Structures are given as structure tokens and as C-alpha cells.
Amino acid sequence: MATRWINKGPTAEGTGNAHGFSANDDGVIIHHNGEMFGVINSDKIWPLDKAGDRPVTGFNSGANFVTEIAAPINIQLPPTKLGYKYTLYVGFAGGPHTLTPTADDKFLVGAKADGIALSGGAAVGDFVTVVGDGKQGWLVTAFKGTWA
């Protein structure tokens with residue numbers, strides 16, 4: 001995994017370590033002391049034109065997935081990390097479309113909290129956005145339509 005310096009400051013007195021922040025291949029921002037500081041999110045658009053499972057990674061964080069077919073699509077979420085964010089938009093009526101957490105994660109607050117897939121999105125314009133809490137699973141931060 002490559003590390004890229006975002007802001008490399010002066011050497012910390014007595015430590016020999018540079019102050020600064022770096023980012024790894026997953027877009028995780030890391031403070032010079034090794035603690036995760038945040039995630040680089042960019043509004044990427046990923047058209048989905050094939051039915052079935054679509055595993056996603058930290059690289060996809062910030063992505064806006066847009067369905068382009070009526071057949072069901074299943075977004076398989078990675079293990080939760082603080083700040084990871086994914087949005088699924090319905091661009092073509094059909095589905096149901098789903099977001100599935102790993103076995104160790106679940107959906108929190110205002111959604112299913114049993115670790116089972118969040119399913120819905122039958123109408124054009126429906127969407128759901130989830131953000132990782134880094135500990136227990138995924139917060140549903142916005143949605144339109146029926147997602148259960």
C-alpha cells in the first residue's frame with residue numbers, strides 16, 4: 001500500500017518524526033502518530049449496468065452508484081471505517097436493489113439493525129446514503145423511497 005504525503009511539516013522536536021498527514025490507497029488520511037484522521041471522499045459516479053453482486057472497497061468511498069438496469073443489484077459494503085460513504089441511486093425502475101454489510105456490521109439508526117441487507121429502490125429517483133461509523137456498522141444519513 002503506497003503512502004502519499006498530503007502535508008509534511010517540520011520534524012517533531014526530539015522524535016525525529018515529521019509532523020503531517022498522509023493518505024493510503026484506500027483514501028484513509030493518517031496523522032503522523034499513526035491515528036486515522038479521516039477519509040478522502042470524492043463524488044465519483046459509478047454506473048451499474050450488470051445485475052448481481054457488486055463488492056465495493058474503501059477506494060469506492062464517496063461513490064454515487066447509479067443503476068442503469070431493472071434487474072436487482074447488490075452493493076456489498078466493505079467492513080465499516082469511520083467516514084466511508086456510499087450512495088445508491090435508482091436511475092432505472094426495477095430492483096429491488098440492496099446494500100449488504102459484512103457479517104460483523106449492521107445498519108444503525110432509522111434502518112434495519114440486524115445486519116441483513118437494506119433493500120428497496122424500485123422507483124427512478126429513489127436513493128439511500130450510508131456512512132461508516134468505524135465501529136458497529138453503517139448510519140443511514142439520507143434516503144428517498146422505501147428502504148427496509
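Values quoted throughout were computed directly from the atomic coordinates according to the rules given, and no laboratory measurement underlies them. Keep in mind the model is a prediction, meaning the values are calculated, not measured. Neighbour counts run over all protein chains shown; Cβ positions are idealised from the backbone, glycine included.
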Taking Cα pairs closer than 8 Å and at least 6 residues apart, the relative contact order of the stretch 41-144 in percent is 24 percent
For the stretch 75-91, in residue order, the Karplus 3J(HN,Hα) values (coefficients 6.51, -1.76, 1.60; θ = phi - 60°; whole Hz; Gly and Pro = x) are 7, 8, 6, x, x, 4, 9, 3, x, 4, 9, 9, 10, 10, 9, 9, x
Listed with the fewest Cβ neighbours within 10 Å leading, 89, 84 appear as 89, 84
So, with points 7 Å from each Cα along the Cβ direction, the residue 57-residue 148 label distance in nm works out to 3.6 nm
